[in-house]
């Protein structure tokens, strides 16, 4: 039987034009391993977009951690930063800000 790994997790949230955006970051030894993105009261369109973004980020994290790659979390953040939509506060840009909060609190602390 394969042993399951336990991760620490922390949840960040921020209000968007479509409702609350929740980012759950799972990490081990201050290394981001997996994320989950949830939308508060938004419809199926926003939830499906967030599901796609979650899958892409988790694939990048999996490959980075499996192959000891040098894809830094800040590269993922930069890829999402500044993306706009027709509403005032774009959910994708908010995800970049929430990931940056995690990075500043956890990933940067391991370099100290």
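All of the numbers you see were taken from the coordinates with simple rules; none came from a lab. Since this is a predicted model, take the numbers as computed values, not measurements. Methodologically, a virtual Cβ is constructed for each residue, glycine included, from the backbone with ideal geometry; neighbour enumeration extends over all protein chains shown.
Return the equivalent ellipsoid semi-axes of the chain as a descending list in whole Å, where each equals the square root of 5 times an eigenvalue of the C-alpha gyration tensor. Let's see the in-between values first.
Numbers: eigenvalues 120, 49, 35 Å².
That gives 24, 16, 13 Å for the three semi-axes.
Along the Cα-to-C-beta direction of residue 14, a point sits 7 Å from the Cα; which residues of segment 24-48 have their amide N less than 16 Å from that point?
Within reach of a label on residue 14, which here means backbone N under 16 Å from a point 7 Å along Cα→Cβ, segment 24-48 contributes 24-25, 36-40.
Would you mind pulling out the separation of the Cα centroids of segment 1-38 and segment 63-112, in Å?
So the two Cα centres are separated by 12 Å.
Can you give the calculated 222 nm mean residue ellipticity of the chain, where each DSSP H run of n ≥ 4 adds -39,500 (n - 2.57) and the sum is split over every residue, rounded to the nearest 500 deg cm²/dmol? Don't skip to the end; give the middle numbers.
Working: 3 runs with 44 residues, N = 112.
When only DSSP H runs of four or more count, the value is -13000 deg cm²/dmol.
Once you keep just the Cα pairs under 8 angstrom separated by 6 or more residues, what percentage relative contact order results for segment 8-111? Intermediate results must be reported in sequence, preceding the final value.
Working: 140 pairs, mean separation 27.4, N = 104.
Result for segment 8-111 is 26 percent.
With a cut-off of 8 Å between alpha carbons and a minimum separation of six or more residues, what is the relative contact order of segment 47-106 in percent?
Value for segment 47-106: 25 percent.
How would you rank 11, 5, 54, 73, going from fewest to most other Cβ atoms within 10 Å of each one's own Cβ?
Going from least to most buried by this count: 5, 11, 54, 73.
Given contacts defined as C-alpha pairs under 8 Å and at least six residues apart, what's the relative contact order of segment 1-59, whole-number percent? Before the final figure, lay out the partial values.
Values: 77 pairs, mean separation 14.3, N = 59.
Dividing the mean separation by the residue count of segment 1-59 yields 24 percent.
How much length, in nm to one decimal, is gained on full extension between residue 44 and residue 4, taken as 0.36 nm per residue of separation minus their Cα-Cα distance?
Going from the current span to full extension adds 11.2 nm.
Taking 0.36 nm per residue of separation and subtracting the Cα-Cα distance, what length does fully extending residue 78 through residue 29 add?
15.3 nm
Put a dot 7 Å past each Cα toward the Cβ at residue 59 and residue 104; how far apart are the dots in nm?
Reported label-point gap for residue 104 and residue 59 is 3.1 nm.
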